[in-house]
Amino acid sequence: MGKLQIKKGKYQIKQNENIYQQIENLYFYVCEKKQTINDLIVFVDQNGSTKPEQLQILYSLTQIYCLNPDNTLQIQGWSTYLTAQIQGLTDQSIVQIVTSDNQQYVADVVTQNYMHFTTSQIRLPSQIQMINVDGQNILKTPIKLIQNNVQVSLSFLINTHPADRQYFQMKLIQQNQNPNLIVKNLFIRIKSIQFTDELTQEDTNTFKYKKFSIIQNDVDFYVCTNQGSFILSFGNQQDMMLTPTIQMLTQNKNPKAGDILQFNITSSTSNLISKKQGYAMKVTCQNGYKQAFTGRPNVDQYFSLSSQQNGTVYSFIFPTIMQRLNPQKETCDISIDITNIQSNLIKEYRDQMESSYFSSVFLKEPNISENLYFKDIGENIKSNTLISFKDAVIPERQRIYVETFSPSVISSYGSEQIIITGNNFLLNGSAIDNITVKLLGVSCEVQSVNNTQIVCISGPKTRIDPLEKTQVLIGNSEALLLSHVAYSIDLKENTQLENYFVNGCKINVPYNYVLNVDLGKFQGDELNFFNVNVDEQLIFRSYRDLNVTFKMFQGLGQVSFGTIDQRFNSNCKIFINQQNDVKLSSYGKNIENYSYTLVNSLETQQNLIEVQESQVQLKKGNKIMVLATTQEERNEEYIVESVKYNKIYLSTNIQTRHQNTQETINQQNGDSYLFSVQVPIIQIDRNIQIEGFQLQFQDLYDTKVVVNQFSSNKVFKSFIKLNQETYITFTNMTSSVLQSNFTHLAYDREYINNFFISENNQCKITLTRSGKFNNNFSQCNVQILNIDDRTQVNEIQEVQNNIFATTQTCLNVRYPYKLVMKDNVCLSVQYFTNFFYLHTIQSEGIAFVALDIRQALVLYQFDPTQEVSHEVFSVQPQQSNNTKILIAANSVKNQNKNTPALFINNIPLNYYSMFNFYNFELIGFNENNTPIQYQYVDNQNNANQNFISICEFYNFKSDFLKKTVLFNDTNSDLQKGLALIDKDGSLTGKVQSILSSNIVRPDLNCQINEQKLQSCSPLIGVMYVNPDVDYYCKNIQNADLKVIPSETQFIPNITQTTQVFVTQLQQTFSFRFVKKLTGEEFIPCRFNLEQRYLADSNLGFIAKYSVDTKNISSITIYKYQWQYIRDFEILLPLFSFSLNRSISQQLISKKRNF
């Protein structure tokens, strides 16, 4: 890279008299290149030394087809089509379309001077903002998109051109509904070979184009009309396919591996094949496997590229055919295909062979089932068949394979010992001289061999050819490779190979190469890379501090900053604009400890922090954060000025007082619990910081990431800041920090020793898989939920030694995992929980201790998008008097005394809610004789009358009186559906169900108790009935149907109705459906019955529905889950059924007609 300084002034950069950039009063630095003026890269530097703007002068936009004079593009329907002619474009270019909604898309077809792009969206963007070619925006003015939903009908006929048989002629046929349709341009595009070309217009609706050979379904036409642009597809018209003249010259019925087969291929299509495409001979053989459902034989596909071309004669080396299971027939088909010679024959083939599933099954052959699901050899390779010769050969089948190379990454300097393991290396008594090993085209000198191992010495790699491959030849037979070998090349040492990988501000790493690049070798402190394509592995390092911007990472390989063994130790700030499929890792400087704990307290107007740790690894300039542990404190960032022993001196004074919490909580049984929360101080900077919009990492070590959307396999000692609501994915997160003010779904397994920090109490992390959540400090609301598989009730979730502070709730558990809980503490929160499966806790002692509860013990909140069916059922509590949840309402250091309620339900949705108060012990909830409170309005202040809320109490210890008013309620209040179930009398001193008015029924045998509320038998159940109709069945809407008890007389606008009913266990509840407006009885097409609650899970009740249906002959019953019966269709005369646990299991096992 050369450096040329030009004086200040006004300059124009011209090519063919086109002005690409006009710049005034700036310095220039020119990145020299050896090609033409087209390839100049100009760095514009406003101060003569740093922060250059990078411009690439490579391409010019010639024409955008279908574009109107007012710079609008008319779109038909919901699809955006864009075709452009771009001077300088090649099939190696990367074209991105950036729309007004900040979405980025890659063009479908990119070929010589043409680009084509297609996307379908429910909501179209308003504009196309940019067209970036290798990072250069070539669009001067945004294109406004105008949607036209008028259906355009256009058909066509294609025949050989009557005047020239080398061309097709297409005639467009307009339909009557589009009499004014005018076709402006017509293009043919073929995705598989990256081809686009404009058709020649002969008259208004007649066009001609050259003949081509390709599968017709891969061809379509892009049409520009005065009513928008759209695509015409070939469909299934067989006459669209024209095959070239292909003749098999070699007649060898029994070829062996290594034999040469020749074909004569004469066609006018050769000019359509891009550099990425080529002819391949494909050999298709049955492998002995059968498809599980059809019984059809599975086949392997072996591809061989042309080894030599002499005019129209192509020579192909016959491949080694693997012996698998016993096939139905020994013959194999041969075909000539067009395929992507770089991608398909390397990446897809290699990934399949090296997959753990393929290799594990392959190595067990033939001792496996022929019907086993199996990916056949070559199945992933995409190609288009031009001609096929059925049952052409009966080849020799062999079973030679390589299982491993050791080492798998080797030096480009050679002279390394390579150990190759596999099988049948001594097939037919092969001698050492008959064995050839080539590692990406470089000979590896064989030293020794036995039937399962080859030892060879590698040679130096002096040139790069993407088509070179690794081969282990036993005679002419080539071993199947179940792994691969890659060459490691360090550009700092091996500069002669640099031009193969680095082209100005582009980097390309092909398959089978591990490239080491020192970013410090590039000039300037601000580096910009337009396109980095990696198909194997690229490792960045730097010996100096830098800021680096990557416009786009793409490819199917891996990019890492440092490695686990050799860390990225300089200070580097990296911005990644777009990451496609490439895997990303980062390994920053290894720091032993990023977190510390306060000795006692931290006072304002001082700049000294004393920590408990004797060794502090902070340096001057490091950034730290003191975390809040109560709602009166706040998180504060500071810069380290100096460190001496355990003392940290700051550059500014402390703004908020922080103090450790240590208090003793006395229990009713005489035991005491020492409650302790110490203020954490964490380091928030790392030597390497990566920013972007959407980033996916494999491994993240000692790195700071600032991102909108994030996922990673492993996170260790890193700092992640999330800027928006999104899902996050980790396999393991350890000793790290996650900062967010948003809601996140976490698809993760293990969180160990982490910090979750937030500036507000709205941060919420939902753990969606069973795993471990241990030794964490969280200012985010944590919820445990299973949204993927609702059958994992036997999975175990560990939640141990965590601290939850300053959050909205301590912990929510919305899925009945087996919870191994121990020594979790919660401090200074509004509510203990929104929902908790307490009966699943497995703990020998206290599982959870909470201190300083501001509003209520439980604020019940139902999320209908995350409902889990298990939460609606009562379970038998464990027969234990041990306290599992210990709650103290007030903290000594909180001068304002809290008066929290026990239970608040301000979202009575879905007609039902339930909470189990099992094994609670409450302290300080009786100071104001606070009742259990219920709120009945939603955010719009609308009361919901149709719900039932159940609270179960068992082994409930508290310091308030047994006669405490539990909730303010009257028997005349018809808006309340409340039920308190005191299973063992620990709440009220009496085993009872306490019900409010609208669910009290005469057959519940209720009486007024000491609290002047209806006290009934505790053995009650709850049933949910949901009618379902549609206009195909009856002309009535669901909202017009009501469910009432059979004995109730319905009076429109007076009778209160609900879909949830309470009944006594071992009794019968009868119901019927009526129309809302008239009270007329009505038979719905379908209705669902859901068993919502059983006070005793060993008992049930009978739900009875009886109706006279003289003209209906059958009923269909579906069992949805074992808990309830669902979807009853077409009712029988006077048909009744029961709903309880034992009978429903016996009655319904599958769909049954009566």
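Restricting attention to the stretch 1086-1100, does a residue exist that is free of Cβ contacts under 8 Å to residues at least 60 places away in the same chain and aliphatic (A, V, I, L, M)?
Among the residues of the stretch 1086-1100, not one is free of Cβ contacts under 8 Å to residues at least 60 places away in the same chain and aliphatic (A, V, I, L, M), which makes the answer no.
Can you name the condition, by its number, that Pro162 falls short on among (1) part of a loop (DSSP other than H, G, I, E, B); (2) surrounded by 14 or more Cβ atoms within 10 Å (Cβ to Cβ); (3) free of Cβ contacts under 8 Å to residues at least 60 places away in the same chain?
(2)
Taking the residues in the stretch 877-895 that are among the β-branched types (Val, Ile, Thr) and surrounded by 14 or more Cβ atoms within 10 Å (Cβ to Cβ) as candidates, determine which candidate is modelled with the lowest pLDDT.
So in the stretch 877-895, the residues among the β-branched types (Val, Ile, Thr) come out as 883, 885, 887, 892.
Narrowing further to those that are surrounded by 14 or more Cβ atoms within 10 Å (Cβ to Cβ): 883, 885, 887.
Numbers: Thr883: 91, Ile885: 95, Ile887: 96.
For the stretch 877-895, the residue satisfying everything is Thr883.
Can you tell me which residues in the stretch 604-625 are basic (Lys, Arg) and exposed (fewer than 13 other Cβ atoms within 10 Å of the Cβ)?
Lys619, Lys620
For a quick check of your reading of the model, give me the residue pairs whose first member lies in the stretch 601-627 and is within 11 Å of Ile682 (Cβ to Cβ), whose second is surrounded by fewer than 12 Cβ atoms within 10 Å (Cβ to Cβ) and charged (D, E, K, R), with beta-carbon atoms closer than 9 Å and at least 6 apart or on different chains.
Lys623/Glu637; Ile624/Glu637; Met625/Glu637; Val626/Glu637
Could you please let me know if Asn774 is outside the structural domain of Ile576 (by TED's automatic domain parsing), crowded, with 17+ Cβ neighbours inside 10 Å and closer than 25 Å to Val849 by Cβ?
Values: outside the structural domain of Ile576 (by TED's automatic domain parsing): yes; crowded, with 17+ Cβ neighbours inside 10 Å: yes; closer than 25 Å to Val849 by Cβ: yes.
Spelling it out, Asn774 is indeed outside the structural domain of Ile576 (by TED's automatic domain parsing), crowded, with 17+ Cβ neighbours inside 10 Å and closer than 25 Å to Val849 by Cβ.
Give the residue, chosen from Thr726, Thr766, that is part of a strand (DSSP E or B) and at pLDDT below 90.
The conditions single out Thr766.
If we keep just the residues of the stretch 518-536 that are assigned to a strand (DSSP E or B) and aromatic (Phe, Trp, Tyr), which is surrounded by the fewest Cβ atoms within 10 Å (Cβ to Cβ)?
Restricting attention to the stretch 518-536, the residues satisfying the condition of being assigned to a strand (DSSP E or B) are 518, 526-534.
Checking which are aromatic (Phe, Trp, Tyr) leaves us with 529-530.
Working: Phe529: 21, Phe530: 23.
Filtering first and then ranking leaves Phe529.
Search the stretch 400-422 for residues being in contact with a strand residue (DSSP E or B) (Cβ under 6 Å, 6 or more places away or on another chain) and in a loop (DSSP other than H, G, I, E, B), and hand back the single one that is farthest from Ile464 (Cα to Cα).
The extreme case among them is Ile400.
Residues in the stretch 638-655 that are aliphatic (A, V, I, L, M) and without any contact (Cβ under 8 Å) to a residue 40 or more places away in the chain: how many?
3
Do we find that Ile539 is of a type in the set (Val, Ile, Thr), buried (at least 20 other Cβ atoms within 10 Å of the Cβ) and within 21 Å of Glu403 (Cβ to Cβ) in this structure? Step through it out loud before you land on a result.
Working: of a type in the set (Val, Ile, Thr): yes; buried (at least 20 other Cβ atoms within 10 Å of the Cβ): yes; within 21 Å of Glu403 (Cβ to Cβ): no.
Criteria not met by Ile539.
Among residues belonging to the stretch 580-606 that are of a type outside the set (S, T, N, Q), at pLDDT below 95 and outside any loop (DSSP other than H, G, I, E, B), point out the one that is nearest to the chain's Cα centre (by Cα).
Lys583
From the list Asn801, Asn708, exactly one residue is surrounded by fewer than 17 Cβ atoms within 10 Å (Cβ to Cβ) and either at pLDDT below 85 or under 22 Å from Phe848 (Cβ atoms) (or both). Which is it?
Of the residues listed, the single one that is surrounded by fewer than 17 Cβ atoms within 10 Å (Cβ to Cβ) and either at pLDDT below 85 or under 22 Å from Phe848 (Cβ atoms) (or both) is Asn801.
Can you confirm whether Asn102 is out of contact with any strand residue (DSSP E or B) (no Cβ under 6 Å at 6 or more places or on another chain) and in the same structural domain as Ser233 (by TED's automatic domain parsing)?
yes
Would you confirm whether any residue within the stretch 316-338 is buried (at least 20 other Cβ atoms within 10 Å of the Cβ), at pLDDT below 90 and farther than 25 Å from Asp391 by Cα?
No.
Could you please find all residues in the stretch 706-756 being under 22 Å from Gln103 (Cβ atoms) and acidic (Asp, Glu)?
Glu725
Could you please let me know if Asn635 is in contact (Cβ under 8 Å) with a residue 40 or more places away in the chain and touching a Leu at 6+ places or on another chain (Cβ under 6 Å)?
yes
Every residue in the stretch 1064-1087 that is assigned to a loop (DSSP other than H, G, I, E, B), hydrophobic (A, V, I, L, M, F, W, C) and crowded, with 17+ Cβ neighbours inside 10 Å, please.
Leu1065, Phe1082, Ile1083
Out of curiosity, is Ile464 touching a Phe, Trp or Tyr at 6+ places or on another chain (Cβ under 8 Å) and not in a loop (DSSP other than H, G, I, E, B)?
So Ile464 does not fit the description; no.
Mind listing whichever residues of the stretch 263-286 are modelled with pLDDT of 65 or more and surrounded by fewer than 16 Cβ atoms within 10 Å (Cβ to Cβ)?
Within the stretch 263-286, Asn264, Thr266 meet the criteria.
Consider the stretch 817-842. How many of its residues are in a loop (DSSP other than H, G, I, E, B) and surrounded by 21 or more Cβ atoms within 10 Å (Cβ to Cβ)?
Qualifying residue count for the region: 5.
Specify which of the listed residues (Ile564, Ile609) is assigned to a strand (DSSP E or B) and not assigned by TED's automatic domain parsing to the domain that holds Asp134.
So the residue among Ile564, Ile609 that is assigned to a strand (DSSP E or B) and not assigned by TED's automatic domain parsing to the domain that holds Asp134 is Ile609.
Limited to the stretch 550-605, what total is found for residues that are under 23 Å from Asp351 (Cα atoms) and of a type in the set (Phe, Trp, Tyr)?
Number satisfying all stated conditions: 1.
Which condition number does Ser740 fail, the rest of (1) farther than 21 Å from Ser843 by Cβ; (2) out of contact with any Leu (no Cβ under 7 Å at 6 or more places or on another chain); (3) touching a residue at least 24 places away in the same chain (Cβ under 8 Å); (4) outside the structural domain of Ala888 (by TED's automatic domain parsing) being met?
Checking Ser740 against (1) farther than 21 Å from Ser843 by Cβ; (2) out of contact with any Leu (no Cβ under 7 Å at 6 or more places or on another chain); (3) touching a residue at least 24 places away in the same chain (Cβ under 8 Å); (4) outside the structural domain of Ala888 (by TED's automatic domain parsing), the one that fails is (2).
If a residue counts only when it is of a type in the set (Val, Ile, Thr), which strands (runs of 3 or more DSSP E) contained entirely in the stretch 618-717 have at least 2 such residues?
On the way: elements: 623-626, 636-644, 647-650, 661-666, 672-677, 680-683, 688-692, 694-701, 704-707, 709-716.
Filter on the stretch 618-717 gives 623-626, 636-644, 661-666, 680-683, 688-692, 704-707.
The values are calculated or read from the model by the stated rules, or taken from the named source; none is laboratory data. Computed from a prediction, not measured in an experiment: that's the story for all the values here. Cβ: placed from backbone, ideal geometry, glycine included. Neighbour counts: every protein chain shown.
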